[in-house]
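The values are calculated or read from the model by the stated rules, or taken from the named source; none is laboratory data. On a predicted model such as this, the values are computed, not experimentally measured, just so you know. Ideal geometry is used to build each Cβ from the backbone, glycine not excepted, and the neighbour counts take in all protein chains shown.
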Amino acid sequence: MHSNHIKLAAVACLAAGLLMAGCAKKETVETTKPEAAPVATAKTVAKPATNSVYFAFDKSNLDNPAVATLNANAEWLNANSDVDVTVEGNCDQRGTRAYNLALGQRRADSVRDYLVNHGVSASRIKTISYGKERPRCKGTGEACYAQNRRADIVVDH
Amino acid sequence: MRLISSLLLGLLMLAVSSPASAVEFQIYQSGYKPLQLAWEIDADPSLHLQSSQLGDIVQNDLATSQSFVTMNPLSFLDSAADSWKQVTYGDWRLIGTDVLALCRLTVTANGWKAEVQVHDPFRDKQLGTSSFTAANGDLRPLAHRISNYIYQTVLGIPGYFNSHILYVRKLKNSSELVYMDQDGANQQVVARNFPILLSPNWSPDGKFVALNAYVGDQPRIELLDLQTGSLQTIANFGGLNSTPAFSPDGRHIAATLSYAGNPQIYIYDLRTKKWRLFTHHGDINTSPTWSPDGKWIAFTSNRNGSPQIYRKSMETGEVHAVSLVGDYNTSPAWSPKGDRIAMISLKNWQYAVATVNVDGSDIRYLATGKVETPAWSPNGQMLIYAYSHQGLRQLYEVPSWGGHPQAVTPVSEDASYPAWSR
């Protein structure tokens, strides 16, 4: 959020045709007092801090933190209608490969369905499951497994 | 006091959760005692290399089946030449020989001839005799035919030694499909450069392989022609396109698709090139496997909460539970004999290769560790599976009637998803 406000401030500054030195000074101030950032161009929704949603073992339902993440992502996607995304479903290394491939698909589908129900056009969202084929964390233990039980909303290029 | 009790509780929990203390599966032990096999080969001294190579392949085949144990020739009282003149059964009984296999290798105008006799010294009886010819070149196919003959003559079960295995070899940035003889010889890469490659499955005639290949970032079901190496896409829907399985008559392929909603089993008709929905219930349905008569498909479903194995009739649509024990059973593989289904069972984070009767009774745990994707030998006597340790996977095999797991691929590569030719 901080860096976005700073950028907005900098853009506003340039648009007003002020001196660069003035901009730099203003940036410093904004960094320490983010709540004072100008909101004149606030139609632009900040890109959410995270695009990852996490799941419990053998589950594809969305918990409260997941819903919060998805609300922010849905808002951003609705404000940026030219952006298409792929939702990538992943699983931890426990369980078996073919089943995890299906489970990863269900996780990706859960995320897609939530986004669609919150106004994002289904035609903008692809889904793919990597099952447990591409773990982010390659070790063992719950801390590692928890990172891998995940769906990522990845912007298409 | 409270501090001490919570400390004690902590220690107790540590002890309970220690994986080293978890023994979830009692490994099935058969009462079978492998037969002591004596192999003798008679050949002209100029064929010394060939005759010892032939003997090595045959004895390795029979020993790895675990139905036989090969005997040390130093204990033999009679030479091969002696035995070809006259088998002295008493001499073989004396050293405990259950099966005597005699071979004579000769050169013919255009190749090899191998004559074989199989004897049972404890019954003073010749069980069979046959002769095999082969064109010049590799002795391996000839050796495997001899192994099949000895195996079938003694056990009354067809051998599997001339069969082939496909598996997925994972390299640093891609995966490839490897073809080899069942004993690991003659490896060749038949398809390569896939970002992800999963679930190879043979057509019954051995000419095609259905597989789940990612092309770019899109999973597809592809048909690989093993003769030409060409790939034909048969499923390229949104979402999942996974776990293809040929029907026993080779006319259909069952697979998992999710384009219409939840992952469900669909059936593809190779003539009409159309998919039709087969399962309707549950959040996840995947990993279809056909009964050898083609009348049932078993699959994994979480319709009752956790993943379990079910079977559904092609004719009536009736569904029965197959796995009845444990919270998590996946990766079903129907045996070629039809009587049992292999699967992966998970209990308290311990895994096992298991088999059950089709009605779910008589579960047998055959191998433990981080095991995946069991597949049957064509005669139903062996199971091959992937075993993972220290991040690398190796193929192992174990007799379906109980025995010890043995490595098929080396530790130097990542091998998984074995498929045995039918």
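On the basis of being away from every other protein chain (no Cβ under 14 Å), in contact with a strand residue (DSSP E or B) (Cβ under 6 Å, 6 or more places away or on another chain) and either among the polar types (S, T, N, Q) or under 27 Å from A:VAL87 (Cα atoms) (or both), does B:ILE253 make the cut? Steps first, answer last, please.
Numbers: away from every other protein chain (no Cβ under 14 Å): yes; in contact with a strand residue (DSSP E or B) (Cβ under 6 Å, 6 or more places away or on another chain): yes; either among the polar types (S, T, N, Q) or under 27 Å from A:VAL87 (Cα atoms) (or both): no.
The answer is no for B:ILE253.
Name the residues in region B:369-385 that are touching a Phe, Trp or Tyr at 6+ places or on another chain (Cβ under 8 Å) and either of a type in the set (Lys, Arg) or more than 14 Å from chain A (Cβ to nearest Cβ) (or both), would you?
Answer for region B:369-385, where residues must be touching a Phe, Trp or Tyr at 6+ places or on another chain (Cβ under 8 Å) and either of a type in the set (Lys, Arg) or more than 14 Å from chain A (Cβ to nearest Cβ) (or both): B:LYS370, B:TRP376, B:SER377, B:PRO378, B:ASN379, B:GLN381, B:MET382, B:LEU383, B:ILE384.
Filter region B:30-48 for residues that are over 21 Å from B:HIS119 (Cα atoms) and loosely packed, with under 10 Cβ neighbours inside 10 Å; which is modelled with the lowest pLDDT?
So the residue we want is B:GLY31.
Exactly one condition in (1) of a type in the set (Gly, Ala, Ser); (2) assigned to a loop (DSSP other than H, G, I, E, B); (3) within 14 Å of chain A (Cβ to nearest Cβ) is not met by B:SER242; state its number.
(2)
For region B:348-367, enumerate the residues that are assigned to a strand (DSSP E or B) and within 14 Å of chain A (Cβ to nearest Cβ).
B:GLN350, B:TYR351, B:ALA352, B:VAL353, B:ALA354
Looking at B:ASP249, B:ASP283, can you tell me which residue is acidic (Asp, Glu) and within 19 Å of A:SER60 (Cα to Cα)? Before the answer, list the steps.
Working: B:ASP249 fails: within 19 Å of A:SER60 (Cα to Cα).
Among B:ASP249, B:ASP283, only B:ASP283 is acidic (Asp, Glu) and within 19 Å of A:SER60 (Cα to Cα).
Considering only residues that are outside any strand (DSSP E or B), in contact with a Leu (Cβ under 8 Å, 6 or more places away or on another chain) and in contact (Cβ under 8 Å) with a residue 24 or more places away in the chain, which ones fall in region B:196-238?
Hit for region B:196-238 is B:GLY206, nothing else.
I'd like to know if region A:111-122 contains one or more residues that are within 13 Å of another protein chain (Cβ to nearest Cβ) and either surrounded by fewer than 15 Cβ atoms within 10 Å (Cβ to Cβ) or farther than 16 Å from B:ASN262 by Cβ (or both).
Yes, region A:111-122 contains a residue that is within 13 Å of another protein chain (Cβ to nearest Cβ) and either surrounded by fewer than 15 Cβ atoms within 10 Å (Cβ to Cβ) or farther than 16 Å from B:ASN262 by Cβ (or both).
Evaluate region B:65-75: report whether one residue or more is over 30 Å from B:SER361 (Cα atoms) and either touching a Pro at 6+ places or on another chain (Cβ under 8 Å) or outside the structural domain of B:THR97 (by TED's automatic domain parsing) (or both).
Checked region B:65-75: at least one residue is over 30 Å from B:SER361 (Cα atoms) and either touching a Pro at 6+ places or on another chain (Cβ under 8 Å) or outside the structural domain of B:THR97 (by TED's automatic domain parsing) (or both).
Return the residues of region B:326-381 that are under 14 Å from A:GLY95 (Cα atoms), more than 15 Å from the chain's Cα centre (by Cα) and of a type in the set (Asp, Glu); say none if nothing qualifies.
Listed by number, the list holds a single entry, B:ASP327.
Please state which of the following conditions A:ARG150 fails to meet, knowing it meets all the rest: (1) among the basic types (Lys, Arg); (2) within 13 Å of another protein chain (Cβ to nearest Cβ); (3) surrounded by 15 or more Cβ atoms within 10 Å (Cβ to Cβ).
Here A:ARG150 clears every test but (2).
Looking at region B:386-394, is at least one residue under 11 Å from the mean Cα position of the chain (by Cα) and either modelled with pLDDT of 95 or more or within 14 Å of chain A (Cβ to nearest Cβ) (or both)?
Yes, there is a match, as at least one residue in region B:386-394 is under 11 Å from the mean Cα position of the chain (by Cα) and either modelled with pLDDT of 95 or more or within 14 Å of chain A (Cβ to nearest Cβ) (or both).
Output the residues belonging to region B:404-418 that are at negative phi, crowded, with 23+ Cβ neighbours inside 10 Å and not β-branched (Val, Ile, Thr).
The answer is B:ALA415, B:SER416, B:PRO418.
Given the options B:GLY137, B:GLY184, name the one that is part of a loop (DSSP other than H, G, I, E, B), under 27 Å from B:TRP420 (Cα atoms) and more than 24 Å from the chain's Cα centre (by Cα).
One residue alone meets the criteria, B:GLY137.
Of the residues that make up region A:21-38, is at least one surrounded by 13 or more Cβ atoms within 10 Å (Cβ to Cβ), on the phi < 0 side of the Ramachandran plot and at pLDDT 60 or above?
Among the residues of region A:21-38, not one is surrounded by 13 or more Cβ atoms within 10 Å (Cβ to Cβ), on the phi < 0 side of the Ramachandran plot and at pLDDT 60 or above, which makes the answer no.
Cβ-Cβ under 7 Å, sequence separation 6+ or interchain: first residue in region B:277-293 and closer than 16 Å to B:ALA342 by Cβ and more than 14 Å from chain A (Cβ to nearest Cβ), partner surrounded by fewer than 21 Cβ atoms within 10 Å (Cβ to Cβ) and modelled with pLDDT of 95 or more. Which pairs?
B:TRP290/B:PRO248; B:SER291/B:GLY338; B:PRO292/B:PRO248; B:PRO292/B:PRO336; B:PRO292/B:GLY338
Of all the residues that make up region B:256-267, how many are more than 14 Å from chain A (Cβ to nearest Cβ) and either buried (at least 23 other Cβ atoms within 10 Å of the Cβ) or basic (Lys, Arg) (or both)? Give the steps one after another, and end with the answer.
Restricting attention to region B:256-267, the residues satisfying the condition of being more than 14 Å from chain A (Cβ to nearest Cβ) are B:267.
When the remaining residues are screened for being either buried (at least 23 other Cβ atoms within 10 Å of the Cβ) or basic (Lys, Arg) (or both), the result is none.
So the answer is 0.
Within region B:294-317, take every residue that is polar (S, T, N, Q) and either within 14 Å of chain A (Cβ to nearest Cβ) or in a loop (DSSP other than H, G, I, E, B) (or both) and give me the one that is surrounded by the most Cβ atoms within 10 Å (Cβ to Cβ).
Here the answer is B:THR300.
I'd like to know if region A:91-108 contains one or more residues that are surrounded by fewer than 23 Cβ atoms within 10 Å (Cβ to Cβ) and either in a strand (DSSP E or B) or away from chain B (no Cβ under 13 Å) (or both).
No, every residue in region A:91-108 fails to be surrounded by fewer than 23 Cβ atoms within 10 Å (Cβ to Cβ) and either in a strand (DSSP E or B) or away from chain B (no Cβ under 13 Å) (or both).
Within region B:196-208, can you find the residues that are under 20 Å from B:GLU372 (Cα atoms) and not small (Gly, Ala, Ser)?
B:ILE196, B:LEU197, B:LEU198, B:PRO200, B:ASN201, B:TRP202
Which residues, taken from region B:199-231, are within 14 Å of chain A (Cβ to nearest Cβ) and touching a Lys or Arg at 6+ places or on another chain (Cβ under 7 Å)?
B:ALA213
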